[in-house]
Amino acid sequence: MKIVAICGAGIGSSGILKVNAERVLGRLGIPATVVAADVSTVRTVAADAQVILTSPELVDAIGPTFADVIVVENYFDTAELSRKLEAALGEG
Amino acid sequence: MGLPPLAETAIELGAHVAGWRQAVALAGDLLVRAGATRAGYTDDMIRMIEENGPYVVIAPGLALAHARTGPDVLADGLAIATLATPVAFGHPHNDPVHVVLGLAIADARRHLAAVAALANVFNDSTAIDDLASARTTDDVLRVMGERR
């Protein structure tokens, strides 16, 4: 399972999403690789991803994708991340 | 590695700014003052928001101003500005912003360790309010876990 965390720069906020997503996935016992990337490379980086994590403003920039796009409001709220990841991955 | 260095000169409390641009510019000025960046990095942080929207407002009341590393980043550094009057960045959920962090990372390979340390501080949901109400530099350092 591959998850891509997207921000404008590919460092900084996407890194926080990656770190917190890994913590949550560990707690949920879901094996996954989480990669941080910037929005300009999302098409290549996320081509084989199941899930894209990002903020509301960047959804349009991601464009068409087969991945589930999870919009995260509070990057530091691991309960929000946990709920949304579980909902997206639980269906598979 | 823990947080990027947070110089006392990179902390400003109760700043008066007219809008998000000035708020980000202030965080940039603080990084420059601390010797972490040159002014060009401040422009990069503002351009990041102009191009991609206010996604840097990553939690209610908190903006993490940052850009890619480059020649204007001289060293890792963190800056913290609290605002006397919060400003809107245009974020659908997390406005208005009380606290602006400036983040500069000289070597992208270190960035995950740095943001993991930031997550350790801010995953505690009281940290943003505690920073917003900080009265002294020591208060800020205490919230950031730099001083007990």
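The values are calculated or read from the model by the stated rules, or taken from the named source; none is laboratory data. Everything quoted here is computed from the prediction, not taken from an experiment. Positions of Cβ are backbone-derived with ideal geometry, glycine not excepted, and every protein chain shown enters the neighbour counts. Heavy atoms of the whole protein, side chains included, go into the accessibility calculation; ligands, DNA and RNA do not. Shrake-Rupley method; radii C 1.70, N 1.55, O 1.52, S 1.80 Å.
Observations on the model:
- Identification of strands (runs of 3 or more DSSP E) wholly contained in the range B:1-87 with 1 or more residues that are away from chain A (no Cβ under 11 Å) yields B:6-15, B:77-87.
- All positions within the range B:92-110 that are open to solvent by less than 10 Å² (accessible area, probe 1.4 Å) and in contact with a helix residue (DSSP H, G or I) (Cβ under 8 Å, 6 or more places away or on another chain): B:Val97, B:Val99, B:Val100, B:Leu101, B:Gly102, B:Leu103, B:Ala104, B:Ile105
- Search result, residues across the range B:118-148 that are among the acidic types (Asp, Glu) and either in a loop (DSSP other than H, G, I, E, B) or closer than 15 Å to B:Leu101 by Cα (or both): B:Asp124, B:Asp129, B:Asp130, B:Glu146
- Residue check, A:Ile62 at pLDDT below 95 and open to solvent by less than 20 Å² (accessible area, probe 1.4 Å): yes
- Condition check for A:Gly10: modelled with pLDDT under 90 and within 14 Å of another protein chain (Cβ to nearest Cβ): yes
- Number of the exception - A:Asp38 against (1) open to solvent by 60 Å² or more (accessible area, probe 1.4 Å); (2) under 12 Å from the mean Cα position of the chain (by Cα); (3) among the charged types (D, E, K, R): (1)
- The set of residues from the range A:51-92 being part of a loop (DSSP other than H, G, I, E, B), more than 14 Å from A:Ala21 (Cβ to Cβ) and away from chain B (no Cβ under 13 Å) comprises A:Gly63, A:Pro64, A:Thr65, A:Phe66, A:Glu91, A:Gly92.
- Among the residues of the range B:4-21, those identified as more than 18 Å from A:Ile11 (Cβ to Cβ), surrounded by 16 or more Cβ atoms within 10 Å (Cβ to Cβ) and not aliphatic (A, V, I, L, M) are B:Glu12, B:Trp20.
- Across the range A:57-66, a minimum of one residue is classified as under 22 Å from B:Val57 (Cβ atoms) and touching a Pro at 6+ places or on another chain (Cβ under 9 Å).
- Residue count, the range B:95-123 (criterion: at the interface with chain A (Cβ under 8 Å from one of its Cβ atoms) and farther than 24 Å from B:Asp44 by Cβ): 1
- Residue pairs meeting the criteria (Cβ under 9 Å; at least 6 apart or on separate chains; first more than 10 Å from chain B (Cβ to nearest Cβ) and in a loop (DSSP other than H, G, I, E, B), in the range A:17-41; second among the acidic types (Asp, Glu) and open to solvent by 30 Å² or more (accessible area, probe 1.4 Å)): A:Ile30/A:Glu86; A:Ala32/A:Glu22
- Near pairs, Cβ below 7 angstrom, 6+ apart or cross-chain, from the range B:70-99 (hydroxyl-bearing (Ser, Thr, Tyr)) to any residue that is surrounded by 15 or more Cβ atoms within 10 Å (Cβ to Cβ): B:Thr82/B:Leu13; B:Thr82/B:Ala15; B:Thr82/B:His98; B:Thr82/B:Val99; B:Thr82/B:Leu131; B:Thr82/B:Ala132; B:Thr82/B:Ala134
- Inspection of the range A:76-91 finds a residue satisfying the criterion of being open to solvent by 50 Å² or more (accessible area, probe 1.4 Å) and touching a residue at least 12 places away in the same chain (Cβ under 8 Å).
- Here A:Val24 clears all of (1) at pLDDT 95 or above; (2) under 25 Å from B:Asp107 (Cα atoms) except the condition numbered (2).
- Complete set of residues in the range A:53-92 that are closer than 20 Å to B:Glu51 by Cα and within 13 Å of the chain's Cα centre (by Cα): A:Leu53, A:Thr54, A:Ser55, A:Pro56, A:Leu58, A:Val59, A:Ile62, A:Val71, A:Val72, A:Glu73
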